[in-house]
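The values are calculated or read from the model by the stated rules, or taken from the named source; none is laboratory data. Bear in mind the structure is a predicted one, so any value in this text is a computation, not a measurement. Positions of Cβ are backbone-derived with ideal geometry, glycine not excepted, and every protein chain shown enters the neighbour counts.
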Amino acid sequence: MALNNLLYLKPHLTKYFRYTGKNLHIWQIKMQTVKPLEINNDNVKTQTKNEAIDEQTPVNNGLSNVSPTLPRIVPMVLNTKEPIVLPFDEVPGPKSLKYLSIFRNYITEIGTQVTAGLLTFGLNIGTILSNRNTTRSFSNLFDKYGPVVRFVSPIGSDIVLINHPDHIQKVFSMEGEYPVRSTLQSLEKYRIEHKNHIFGGLYTVQGQDWIRQRSVMHNPTQNAFIPHAQNLNDVCEKFTQKIYNIRNYQDELSKDLHKEIHKWAFDCMGLILFSKNFQLLETELVYSQCDESWMYHSLERAADAIIKCETGIHFWKFFTTPAWYSLVKYCDNLDNLIGKYVLDIEQEISTKIQDDHIISPNSLTSAMLLSEEKFNAEDIATILMDVMLIGINTISSSMSFLLYHIAKHQKTQRLLYQEVGNLYQDVNDIEKFKENTPYLQACIKETLRLVPPIPLLTRILSRNITLDNFNIPRGTMIIMSTQDTSLKEGNFDEATKFCPERWLKPEAKNYHAFASIPFGYGARKCIGQNVAETMMSLLTIKVLQKYRLEYHYGDVQPSQGFIARPNKPLKIRFIDRM
C-alpha cells in the first residue's frame, strides 16, 4: 500500500523509484547548477541505446508511469579549498562590551567617553591585568578565544588583539607607505594645548612629517656612537667604578640598580644627542640646580607621569589629575632645557660658518640643524624629547634585564666571560665588533626576546585584512602582543627559558621572522636599534671584565605599562674578579 502511494509524489521531488520483480531501484537526480562536464559522444550513444532497450522492458504493477527516462545530469563539482571569510562580528572576544555596544547611539558625547573608559578598562583591561602579570594574562586570553581576539568598544572603533607570527607579518605587510600606530595621547594633548603646535616627535608623528623626520635622522642615528666611542667607554668605566663605591658588605647595591643604569643611559644619550658629557653618574644630588641634573629629574618625572596617564582610565582628558599636572610641569621643564642645548649648538654652528670653519655633525642635534630640511630649534627640541623619553627608558630597562639574566645563569656567564674577558672593544666598525662577540649578541637577543622593551605594538589598518578567516575592516586598531608571541612554545622550544645558544644553532634560521621583533618591523622599526645594542654591549663587557655577577632572590618580571621595567629592585651581587 505504501509503495502504491509513491505514484502520487510530486514531480519536482528528487527521488524516483522503479520496481521490477522483487527489486526496488532508486535514481537520485540532482539539479544542474553549473555547466555539465563534457562527455564522450560514443559513450553517450551507447548509453542512449541501452536506455531505449530498458524502456521496452515490461513494468509490473502499473509503475511504468514513473519516469526513469529523465536525462542524466552530471553531479556538480564543488571547490572545497575555497576559503570562507567570516564577518567581523564573528570574531571571538569578551562578550561584556558586545552587549553594551548596542547603546552607542543613545549616550551623550561626554557620557560616552566616560562610560567607554570605565567599561573598557574596568570590564576588559582590568580583568586582563588582575594577576599583575601582563604576559600570562594575555596568554590566557588567547587560550580562551584563539589567536584573534576582538574588544568591542561602546564608542569609536573596535580593537583586535593578535599574537600569531603569521598574522603579525600580514599586518606589517599591509601597513602601506605611511604606517599609522596609536600615539601617546597624553603627550599629543600636551603639545597641542600647551605648546600651541601639532608638530610631534618621531614616536608620535604620522604621515609626511614622520617621513621628513625619519629621513633626516636615519643615517646620523646609525653611526651616532662613532664620534664618541672613547667617551662612551669612559661612561661605562665610570659605571663600574660607581658600583664599586656604593656596594654594601654583601656586594650588593643599597640603591636601586635600575636607577643607576638609567643614569648611565642618560649620560650616554647626552653624548649622542648633544655631544655633551652630563656626568650624572658622578652626581649624587639629582635635585641640584645645574641644567643636567634638573633635566634628568624632569625626564624621570615626565616619563612616570606619561605612564600613569596612558595606563588605566583617562580621567585627565576631562579634568586635571595629579598625573596630568605632573606631566605638564615636567614636560615644560624638559622642553625648555632641551631647547636651550639646541640653541647653544645652533649658535656654535653659526659662529663656525662665519669663521669659514669646516663643519661636520658630531651629534644628532647638529646633524638635524645642518640637514637640508631646515628644522627650527622648537621642532628639534620636540623630536629630541621623544628620543629621550623612549630611548633612555627602553635601553635602561633592557640593560637591567640583561644583567639580571647573566647573574642568574652562571653557565651563560662563564661562556660570556670567555668571549669578552680579554676583549678590547673597537666600535668604529660596528659590524666587525658584533662579529667578534657572537655570544654576547645572542645574550642581548635572547633578553630582548624574553622581555621586549615595548611589549605591545599597534597599527591602524589602512584597508581591510583577513586574519584567521575573519574579515577585519579598515580603521580597526590592531594590537600585536609581541611578548606573548615570543613566549609561545609553538614558536620556540622551552620558550620561557633563557637560552642564548638557541640563536647560534643552525636551526635558528627556521624560527619565524616575526616570532621575536623587539625593535618592531618595517618602515616604523626602531631607528635606534644599533645605538641600543652597542650601548648594551659596551657596558656588559666592562661589567664582566671587572665583576662576577650573582643573583639569589625571586624571579623578576616586567612591570605593567607601555615600557617594560623590572617589577622590583634588582639585588645583584657584584663580586670582584681576582
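Residues that are more than 30 Å from N567 (Cα to Cα), touching an Asp or Glu at 6+ places or on another chain (Cβ under 8 Å) and either in contact (Cβ under 8 Å) with a residue 24 or more places away in the chain or not β-branched (V, I, T) (or both): does segment 370-379 have at least one?
yes
Tell me, which strands (runs of 3 or more DSSP E) wholly within segment 415-530 include 2 or more residues that are over 30 Å from N219 (Cβ atoms)?
465-467, 470-472, 477-481
What about K408, is it of a type in the set (K, R) and within 30 Å of the chain's Cα centre (by Cα)?
For K408, the condition - of a type in the set (K, R) and within 30 Å of the chain's Cα centre (by Cα) - is met.
Results for (1) buried (at least 23 other Cβ atoms within 10 Å of the Cβ); (2) under 21 Å from N530 (Cβ atoms), shown as yes or no for each residue.
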site	(1), (2)
E237	no, no
R247	no, no
D256	no, no
A265	yes, yes
I272	yes, yes
S275	no, yes
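Considering only segment 213-231, state which residues are within 16 Å of V387 (Cβ to Cβ), part of a helix (DSSP H, G or I) and hydrophobic (A, V, I, L, M, F, W, C).
V216, M217, listed by residue number.
Restrict the check to segment 317-337 and report whether at least one residue is on the phi < 0 side of the Ramachandran plot, surrounded by fewer than 17 Cβ atoms within 10 Å (Cβ to Cβ), modelled with pLDDT under 90 and in a helix (DSSP H, G or I).
Checking segment 317-337: at least one residue is on the phi < 0 side of the Ramachandran plot, surrounded by fewer than 17 Cβ atoms within 10 Å (Cβ to Cβ), modelled with pLDDT under 90 and in a helix (DSSP H, G or I).
Using the structure shown, decide if Y249 is modelled with pLDDT under 70 and either under 29 Å from P455 (Cα atoms) or in a loop (DSSP other than H, G, I, E, B) (or both).
no
Which residues, counting only those in segment 345-369, are under 33 Å from the mean Cα position of the chain (by Cα) and either free of Cβ contacts under 8 Å to residues at least 60 places away in the same chain or closer than 12 Å to V216 by Cα (or both)?
Once the filter is applied, which keeps residues that are under 33 Å from the mean Cα position of the chain (by Cα) and either free of Cβ contacts under 8 Å to residues at least 60 places away in the same chain or closer than 12 Å to V216 by Cα (or both), segment 345-369 yields L364, T365, S366, A367, M368, L369.
Exactly one of these conditions fails for N277: (1) part of a loop (DSSP other than H, G, I, E, B); (2) modelled with pLDDT of 95 or more; (3) not basic (K, R). Give me its number.
(2)
Right, E193: modelled with pLDDT of 75 or more and either within 24 Å of M480 (Cα to Cα) or not assigned by TED's automatic domain parsing to the domain that holds F375 (or both) or not?
no
Would you mind finding the one in I465, I454, I444 that is on the phi < 0 side of the Ramachandran plot, in contact with a strand residue (DSSP E or B) (Cβ under 6 Å, 6 or more places away or on another chain) and not basic (K, R)?
When all the criteria are applied, what remains is I465.
Just to be sure I understand, how many residues within segment 376-413 are under 16 Å from L450 (Cβ atoms) and among the polar types (S, T, N, Q)?
Total meeting the criteria: 5.
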